Amino acid sequence: MLLILSEPGDATVDLVLPKLKARGADVLWWDPGEYPSAARLTARFGADGEELALTRDGQVFDLSGTTAVWTRRPGRPRAADGVTAEDLRARVGELSEWFTDGFWDLLDARWLPARQPVLRRAHNKLVHLAVARRLGFAVPRTVITNDPSELVPAYEHADGRLIAKAMEHTLFEIDGGAHAVYTTVVTRRSLGGRGRIVHEPVILQPYVPKAVELRVTVVGRQVFTAEIASQDSPRTRDDWRHYDFARARHSVHRLPDDVARRCVDLVAALGLSFGAIDLILTPDGEYVFLEINPNGQWAWIEDLTGLPISDAVADWLTAGETDAQ
């Protein structure tokens with residue numbers, strides 16, 4: 001059986017699910033966010049080994065024979081609505097996560113992209129920048145710090161063309177409103193506010209000139225590369241995640257064989273079976289590594305370019321152990 005861990009209504013799962021069923025796969029899609037409020041997990045240990053069971057909607061599913069797990073966008077365990085005290089809700093969440101960590105560890109299955117501890121490590125920018133550099137990627141001179149005294153030297157080393165990025169691109173709230181930090185060009189005026197860096201780590205890099213930007217999706221050993229014409233729109237010039245699909249067009253790009261091989265090696269070196277890698281192709285033809293998202297989005301890439309990523313995901317999940325790569 002294939003187990004998909006993701007929230008209800010995940011459009012990316014909807015894209016792959018028919019292809020899994022067409023391949024004859026027995027698939028269970030479940031959101032761990034239902035546990036323990038609306039689902040039951042049970043682990044039994046006996047002389048013959050372990051039994052792992054999920055009960056939801058009155059049905060019992062034996063997870064002991066799970067062959068592959070696709071962890072997409074799983075919710076975190078949460079207490080039932082009837083548990084209203086915040087301290088009790090926190091306790092339920094904490095103990096439930098401890099339990100599910102062990103539960104998933106017992107599954108003798110292949111994981112896409114990886115088990116949670118591996119996924120968490122691979123997501124850390126310090127880790128994947130270091131690994132990418134060791135594998136021979138061109139990596140911008142990078143300083144990651146909360147030391148205000150580092151800003152001016154970094155600015156000067158970049159000849160006044162410096163960018164700042166957050167350690168993680170996540171939404172957060174200020175006064176009830178959702179915000180996100182995007183790549184920001186550091187101006188000379190902003191040097192005066194360098195003391196604010198002390199409050200959280202920031203990534204400082206020279207501004208890398210761009211011909212185009214590339215989103216490389218690796219599934220096992222298959223490589224799919226989309227070219228993003230980010231310089232064709234003022235909205236996406238510094239950070240394509242501002243999105244302007246009308247002007248920042250997406251197309252298929254062929255990576256040189258050595259760069260493609262390095263992308264596969266990076267994913268493998270991080271212990272992953274999947275990775276979404278961001279590269280810059282400079283006007284001089286150099287491929288520069290920015291980062292890897294070990295569980296990055298890719299459905300929009302397939303929609304805009306026709307790259308058959310969903311087929312590759314379905315093939316990987318249904319492959320036998322001997323040809324899993």
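The values are calculated or read from the model by the stated rules, or taken from the named source; none is laboratory data. Predicted model only: the values in this text are computed from it and were never measured. Virtual Cβ from ideal backbone geometry, glycine too; neighbours counted across all protein chains shown. Accessible surface areas use protein heavy atoms only, side chains included; no ligands, DNA or RNA. Shrake-Rupley method; radii C 1.70, N 1.55, O 1.52, S 1.80 Å.
Points worth noting:
- Dipole size of the chain about its Cα centre, with +1 on Lys/Arg Cβ and -1 on Asp/Glu Cβ: approximately 900 debye, rounded to the nearest 20.
- With θ taken as phi - 60° and the Karplus curve 6.51 cos²θ - 1.76 cosθ + 1.60 applied, the whole-hertz 3J(HN,Hα) list for the range 218-225 is 10, 10, x, 10, 8, 10, 10, 10 Hz, x standing for glycine and proline.
- Counting only DSSP beta bridges whose two residues both lie in the chain, roughly 80 percent are antiparallel.
- Kirkwood hydrodynamic radius of the chain, from inverse mean 1/r over distinct Cα pairs, in Å: 21.9
- Loop sites in the range 1-64: trypsin sites (Lys or Arg not before Pro), DSSP, at most 15 other Cβ within 10 Å: Arg23
- Spin-label proximity, Asp258 to the range 128-144 - amide N less than 12 Å from point 7 Å beyond Cα toward beta carbon: 136-138
- Which of Leu304, Leu119 is most accessible, then next, and so on - probe 1.4 Å: Leu304, Leu119
- Partner lysines whose Cα lies under 20 Å from the Cα of Lys165, excluding those fewer than 8 positions away in the same chain, are identified as Lys125, Lys210.
- Rounded percent of accessible protein surface that carbon and sulfur make up, the chain, 1.4 Å probe: 49
- Each residue of the range 63-75 was assigned a 3J(HN,Hα) from its phi angle through the Karplus expression (A = 6.51, B = -1.76, C = 1.60, θ = phi - 60°), giving 8, 4, x, 4, 9, 8, 10, 10, 9, 9, 9, x, x Hz with x at Gly and Pro.
- Proximity of backbone amide H atoms, modeled 1.01 Å from N, is registered between Thr71 and Leu5, Leu112, Ala114 at under 5 Å, excluding neighbours fewer than 5 places apart on the same chain.
- Each label was represented as a point 7 Å from its Cα along the Cα-to-Cβ direction; for Ser64 and Ala319 these points are 2.9 nm apart.
- A Förster radius of 41 Å combined with the Cβ-Cβ distance from Met1 to Asp303 puts the calculated FRET efficiency at roughly 0.90.
- Where both bridge residues fall in the range 1-117, DSSP classifies roughly 50% of the beta bridges as antiparallel.
- Pairwise inverse Cα distances across the range 78-168, averaged and inverted, put the Kirkwood hydrodynamic radius at 17.5 Å.
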